[in-house]
1. Given the criteria of a type in the set (A, V, I, L, M, F, W, C), over 24 Å from R36 (Cα atoms) and within 16 Å of ligand 2 (Cβ to nearest atom), does F185 qualify?
2. Taking the range 147-170 only, how many residues are open to solvent by 10 Å² or more (accessible area, probe 1.4 Å) and part of a helix (DSSP H, G or I)?
3. Give all pairs with beta carbons closer than 7 Å in which a residue from the range 54-77 that is closer than 17 Å to T88 by Cα meets a residue that is in a helix (DSSP H, G or I) and aliphatic (A, V, I, L, M); count only pairs at least 6 apart in sequence or on separate chains.
4. Residues to consider are K103, K81, K71; find the one that is part of a loop (DSSP other than H, G, I, E, B) and either open to solvent by 30 Å² or more (accessible area, probe 1.4 Å) or farther than 21 Å from Y6 by Cβ (or both).
5. Find the residue count for the range 224-254, including only residues that are without any contact (Cβ under 8 Å) to a residue 60 or more places away in the chain, among the small types (G, A, S) and open to solvent by less than 60 Å² (accessible area, probe 1.4 Å).
6. Out of (1) away from ligand 1 (no atom under 16 Å from the Cβ); (2) assigned to a loop (DSSP other than H, G, I, E, B), the odd one out for R239 is which?
7. Select from the range 239-260 the residues that are over 19 Å from P173 (Cα atoms) and more than 19 Å from the chain's Cα centre (by Cα) and write down the one among them that is farthest from ligand 2 (Cβ to nearest atom).
Amino acid sequence: MENIQYDGHVHTPFCPHGSNAPLEEYIDKAITLGYRSISFCEHAPLPARFPDPTPEKDSSMLSSDLEAYIKAIQDVRERYKNDISILTGLEIDFIEGFETETKAFLDEYGPVLDDAILSVHFINTKNAYGLLDYSAENFEALSKQAGGADQLVRRYYETVLLSISADLGKYKPRRLGHVSLVRKFRKAFDLPSDEHWLEAILAAAKKAELSLDINGAGVVKPLCGEPYPPAAIIEKAERMGIPLMYGSDAHHPDGLGQGRERLPEVKLGMPGG
Ligand SMILES: [Zn+2]
Ligand SMILES: [Zn+2]
């Protein structure tokens, strides 16, 4: 898939687990790739009472950085407006049990955003939260906590379905991030078939009029080797008329464009057409 014109999922130096490369490097790379538009979608600050389960507590940007983040994107948006259209976005975590906080956050910041992605990274199993995509070792531990990989896969997709039906207010993100993230370490584990879950997600997304992040990051993850979601699901989504938008999920300028070569030939759009 080479004729991509929009990347809807780009991280920034505000990401504590990403790189310090400046916004300008991402933008220059996007222009080199011939894009007309990109969305910076940094991990939004987690709800204050949510304990980040990662050892370094670095899953999202700091709440104290949020204003500076928005200002920085607005600054480059203005400076580059003749070269590329830049959208101010956030990747919002859907965390089961924290819907009220998430809605309050969106009510406050939604008005200044041009774009947003709703993603599931944290899974509640037996009343403890774990980060799904941290490492294969962590995935194994999380599976044990859930009562097996089957249970973890089930909990992941149940949570994605909850994210689709959740009332997060009028600024709820209209695009679902990497809806098969549970497959990130699939080659190291004996995961159950999840096609029926992905089909249920497509049906729910269609009904809720949400679009999908067609995420290239999985392609370059050695234990995944496929986009999120897998090609057959992307093609099915297209047949159903669900809007699809490419996302590199780049955490470094070199990651822009990643995974494009392994996407099926489908029509990829951008917010607003
Ligand atoms: Zn990240
Ligand atoms: Zn993500």
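The values are calculated or read from the model by the stated rules, or taken from the named source; none is laboratory data. Being a predicted model, the structure only gives us computed values, none of them experimental. Note that each Cβ is placed from the backbone with ideal geometry, even for glycine, and that neighbours are counted across all protein chains shown. Surface accessibility is based on the protein's heavy atoms, side chains included, excluding ligands, DNA and RNA. Shrake-Rupley method; radii C 1.70, N 1.55, O 1.52, S 1.80 Å.
1. Yes; evaluated as a whole, the condition is true for this residue.
2. Residues in the range 147-170 being open to solvent by 10 Å² or more (accessible area, probe 1.4 Å) and part of a helix (DSSP H, G or I): 10 in total.
3. I70/V112; A72/L23; V76/L23; V76/I27
4. So the residue among K103, K81, K71 that is part of a loop (DSSP other than H, G, I, E, B) and either open to solvent by 30 Å² or more (accessible area, probe 1.4 Å) or farther than 21 Å from Y6 by Cβ (or both) is K81.
5. Selection size over the range 224-254: 4.
6. So the condition that R239 fails would be (2).
7. My answer is R239.
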